[in-house]
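Okay, structure first, notes after.
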Amino acid sequence: MINKLIKKEMDRFLGRTRYYLNSCGNKGGPNIFGKRLKAELKKSGWIYNSKVFDYNLTFISGKYFPGKVNILRLDNLYFDIENTSGDNNKLNAPIKEAYDKFDKIIFQGEFSRKIFFAYFGAIDKPYRIIYNGVPRYFSPEGKRYKYPFSKTLICSSKWIKPKRLGAIVEGVRKLKTQNVGLVVLGAGAKAESGGNIICLGNIPPHKLPYYLRGADAFVHLSWVDCCPNVVVEALACGLPVLCSHNGGTKELVGDSGIVLELEETYNLQKIALFKPPMPDPKLVAQGMEDLLSWDKPVFRPDFYLDNVARQYIDFMQS
């Protein structure tokens, strides 16, 4: 106990900030970003300690620690009207408890803020919108995979129905431009392989830039995504992005790509999430044609983790 107190005082004397980051209970995107952010905070001189800490940064839901600064990072809610992943009320209950209790809130985007305010009510506590970030090796510069096409579109995800891989494939089939290929990264897409479609399966996160840089443009037609890491990764690698106007993806893309109105505007109501509307393939194909003729450089240093981590540190300590 005495040694812990001595270390605590030594950390304070040296200006070190101790924190606890809990994203381990969340698979996929939140966990990947959590590991990246943890590494970046370490570079900034912050000390990770799950026992003795000043700041508790929790993803989605978790334990509140009295006497500490408790920050909750939120992305999305459960709003599937068919309860495909389980009962929405039960799944949202621990998120609502943390939403009400934690001292500060970080939303992944404006769409994230809107959906939480709509379902749980506005909060009278500090909050900030901070988008996800990636390490600086996600860059337009570096080695790249050589695909066997004149032009290459690429997409990446864990391919569940809301991600709408089928809509991307049908759009490619309607393209007028010759020798355009589609590269699909991520699990659950092997059945689409063949012809001008290549499915490479899961790629380790640190190897993604190699495959992204080899393509000409990125396509993400997922329905009502909040802040997809795959889009941040693509933009950081210099790829223009084609996306739907629904959800938070368009916030990330901004003027670095093309936003299509593929269906009615989502108005924050409960929906059959796993039965997404299928866009008109001709509309998707036209968006792809426009994207393949993109001639403006895409440079997004705002998504580099050192910049994102500074925003986290500033908000946590403010």
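Do you know which of the residues in the range 152-172 that are more than 15 Å from ALA285 (Cβ to Cβ) and in a strand (DSSP E or B) is farthest from the chain's Cα centre (by Cα)?
Step one: of the range 152-172, the residues more than 15 Å from ALA285 (Cβ to Cβ) are 152, 154, 156-163, 165.
Okay, now just the ones that are also in a strand (DSSP E or B), so 152, 154, 156.
Working: THR152: 23, ILE154: 17, SER156: 12 Å.
Checked the range 152-172; the qualifying residue farthest from the chain's Cα centre (by Cα) is THR152.
Inspect all residues belonging to the range 266-274 and state whether any of them is under 29 Å from ILE129 (Cα atoms), at pLDDT below 95 and of a type in the set (Lys, Arg). Within the range 266-274, one or more residues are under 29 Å from ILE129 (Cα atoms), at pLDDT below 95 and of a type in the set (Lys, Arg). Please verify whether CYS226 is in contact with a Phe, Trp or Tyr (Cβ under 8 Å, 6 or more places away or on another chain) and closer than 21 Å to PHE111 by Cβ, treating the condition exactly as stated. Spelling it out, CYS226 is indeed in contact with a Phe, Trp or Tyr (Cβ under 8 Å, 6 or more places away or on another chain) and closer than 21 Å to PHE111 by Cβ. Just one of (1) buried (at least 24 other Cβ atoms within 10 Å of the Cβ); (2) part of a loop (DSSP other than H, G, I, E, B); (3) of a type in the set (Val, Ile, Thr) fails for VAL298. It is (1).
One line per residue, one yes/no per condition, for (1) among the hydrophobic types (A, V, I, L, M, F, W, C); (2) in contact with a Ser or Thr (Cβ under 8 Å, 6 or more places away or on another chain); (3) assigned by TED's automatic domain parsing to the domain that holds ASN76:
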| site | (1), (2), (3) |
| --- | --- |
| ILE197 | yes, no, no |
| GLY201 | no, no, no |
| PRO205 | no, no, no |
| VAL219 | yes, no, no |
| ASP225 | no, yes, no |
| ASN229 | no, no, no |
| CYS237 | yes, yes, no |
| ASP255 | no, no, no |
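Residue count for the range 242-267 under the criterion of being free of Cβ contacts under 8 Å to residues at least 40 places away in the same chain and touching a strand residue (DSSP E or B) at 6+ places or on another chain (Cβ under 7 Å): the result is 9. Note on the range 263-288: residues that are among the charged types (D, E, K, R) and surrounded by fewer than 15 Cβ atoms within 10 Å (Cβ to Cβ) amount to 4.
All of (1) basic (Lys, Arg); (2) within 21 Å of GLY247 (Cα to Cα); (3) in a helix (DSSP H, G or I) hold for LYS90 with one exception: (2).
Out of the residues in the range 198-242 that are surrounded by fewer than 18 Cβ atoms within 10 Å (Cβ to Cβ) and either within 24 Å of ASP75 (Cα to Cα) or not small (Gly, Ala, Ser) (or both), state the one that is nearest to the chain's Cα centre (by Cα). My answer is PRO205. Residues that are farther than 22 Å from VAL253 by Cα, of a type in the set (Asp, Glu), part of a helix (DSSP H, G or I) and more than 21 Å from the chain's Cα centre (by Cα) are absent from the range 46-54 altogether. Examine the range 116-126 for a residue that is of a type in the set (Val, Ile, Thr), closer than 23 Å to GLN269 by Cβ and out of contact with any His (no Cβ under 9 Å at 6 or more places or on another chain), and state whether such a residue exists. Yes, the range 116-126 contains a residue that is of a type in the set (Val, Ile, Thr), closer than 23 Å to GLN269 by Cβ and out of contact with any His (no Cβ under 9 Å at 6 or more places or on another chain).
Answer yes or no: is there a residue in the range 210-229 that is out of contact with any strand residue (DSSP E or B) (no Cβ under 9 Å at 6 or more places or on another chain) and not hydrophobic (A, V, I, L, M, F, W, C). Checked the range 210-229: at least one residue is out of contact with any strand residue (DSSP E or B) (no Cβ under 9 Å at 6 or more places or on another chain) and not hydrophobic (A, V, I, L, M, F, W, C). A count restricted to the range 266-284 and to residues that are farther than 19 Å from THR249 by Cα and either β-branched (Val, Ile, Thr) or in a helix (DSSP H, G or I) (or both) stands at 2. For LYS125, the requirement of being surrounded by fewer than 18 Cβ atoms within 10 Å (Cβ to Cβ), assigned to a loop (DSSP other than H, G, I, E, B) and under 17 Å from the mean Cα position of the chain (by Cα) is not met.
Looking at SER156, SER193, just one residue is hydroxyl-bearing (Ser, Thr, Tyr), outside the structural domain of ASP100 (by TED's automatic domain parsing), out of contact with any Phe, Trp or Tyr (no Cβ under 7 Å at 6 or more places or on another chain) and at pLDDT 95 or above, and that residue is SER156.
Among the criteria (1) crowded, with 16+ Cβ neighbours inside 10 Å; (2) within 16 Å of CYS226 (Cα to Cα); (3) of a type in the set (Lys, Arg), the one LYS96 does not fulfil is (2).
Among the criteria (1) in contact with a Gly (Cβ under 8 Å, 6 or more places away or on another chain); (2) under 29 Å from LEU57 (Cα atoms); (3) at pLDDT 95 or above, the one PHE107 does not fulfil is (1).
The values are calculated or read from the model by the stated rules, or taken from the named source; none is laboratory data. Predicted model only: the values in this text are computed from it and were never measured. Methodologically, a virtual Cβ is constructed for each residue, glycine included, from the backbone with ideal geometry; neighbour enumeration extends over all protein chains shown.
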